């Protein structure tokens, strides 16, 4: 009877914990090392629930040894826990320019074990909370030719082995170790992965809800539309990607919707529809941080006018004198995306990257949106 009562007590304590985890809404920020040491005073630790430090390179089938600057950056981020004890810190590996090794890393039990061991070593020695695998992308043709059809299954196996090792280590360390993965919203990614299985082995799937329009496209478009504009030639949006993920078997609470702290612009854009969904010459696209948009392109006398695509729930800018079009997110669209996360019972918001909004204009909008969610508004 004592054993039975003890089990009942343990279950009664566990249920609220699980429920709390499901109801907690993440605000995850990617902090990208750009050759300059991080300054703790420039990161609003209390406005984040998790930081992903990008990127730790791979070398010889494992995480590469940290550079002195990376080690210093990680120590700086760990120090932020004094300000926000609930903040978790995750090291991210991969990214589009650094994913060449993953097909080889995930190929065999031995190659996966080597990589996983290096991840665990990094987490323990640097006092981190987990690892984010940003493999861009399984089975995706790369210039160096290292991709395979088997990436589809091996991606799952890599995350499974990482989860199993972290669970074992977590028991020893008396704390939960986070596994996460960053993913693409297009169907080619869904078709070349086993997302329902992947979801079993990660705490969060950071769905990159941006770059729907980029340099490869012959027309302008919203690069992070919340909903699909009927006039959009590509018929893509965050909502469509979320629906596709749910249909693929991903639980909504595992999906963290990614938003951009940067915009895309094109020059030489015709004035029809204020530049939206217009043909553009190749080589005319540029990237622009939100902080530059706020200070320069939205300033009086800039020549730009802000428009709102009501169908997609995002803003855009057009300058008829220079024929320049810019697609981006602002506080209004961020709050709407937070409401969407609440409506769809998703796991929260992720953004790339912190340096795009050093004044925390967008981050404050996200916090306001998430706070409204906790209040049931």
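Read-outs: derived from the displayed coordinates by stated rules, not from any lab. Just so it is clear, the model here is predicted, and its values are computed rather than measured. Quick reminder, even Gly has a Cβ in these numbers, built from the backbone with ideal geometry, and neighbours come from all protein chains shown.
Residues of the stretch 282-312 falling in the label zone of residue 235, defined by backbone nitrogen less than 15 Å from a point 7 Å along Cα to beta-carbon, are absent. Once the Cα atoms are used to define both axes, helix 331-343 deviates from the longest principal axis of the chain by about 40 degrees. Here each label is just a point 7 Å from Cα along the line to Cβ, and for residue 295 and residue 187 those points are 4.3 nm apart.
Ordered by the count of other Cβ atoms within 10 Å of each Cβ, fewest first, 121, 274, 176, 264 give 121, 176, 274, 264.
With one equal scatterer per alpha carbon and no solvent term, the Debye-computed log10 I(q)/I(0) for the stretch 257-342 at 0.15, 0.16, 0.17, 0.18 1/Å reads -0.54, -0.62, -0.69, -0.77.
Remark: spin-label model distance residue 65-residue 215 equals 3.3 nm, labels positioned 7 Å along the Cα→Cβ axis. Give the percent of DSSP beta bridges with both residues in the chain that are antiparallel, rounded to the nearest 5. Once the DSSP bridges in the chain are tallied, antiparallel ones form about 35 percent. Report, in degrees rounded to the nearest 10, the 0 to 90 angle that the Cα long axis of helix 151-173 makes with the longest principal axis of the chain. For helix 151-173, the angle is close to 50 degrees.
As a length-normalised measure over Cα pairs under 8 Å and 6 or more apart, the relative contact order of the stretch 160-226 settles at 29 percent.
Each Cα pair under 8 Å and six or more residues apart adds its sequence gap; the mean of these over the residue count of the chain is a relative contact order of 15 percent. Between the Cα long axis of helix 361-374 and the first principal axis of the chain there is an angle of about 60°, rounded to the nearest 10.
The GNM of the chain, with springs linking C-alpha atoms under 10 angstrom apart, assigns the highest mean-square fluctuation among 51, 190, 83 to 83. One chain, two ends: residue 140 and residue 41. Fully extended at 0.36 nm per residue, the span grows by 31.7 nm beyond their Cα-Cα distance.
Computed extension length for residue 121-residue 343: 76.0 nm, one decimal, from 0.36 nm per residue of separation with the Cα-Cα distance subtracted.
Once the chain from residue 75 to residue 307 is taken as fully extended at 0.36 nm per residue, the excess over their C-alpha distance is 79.3 nm.
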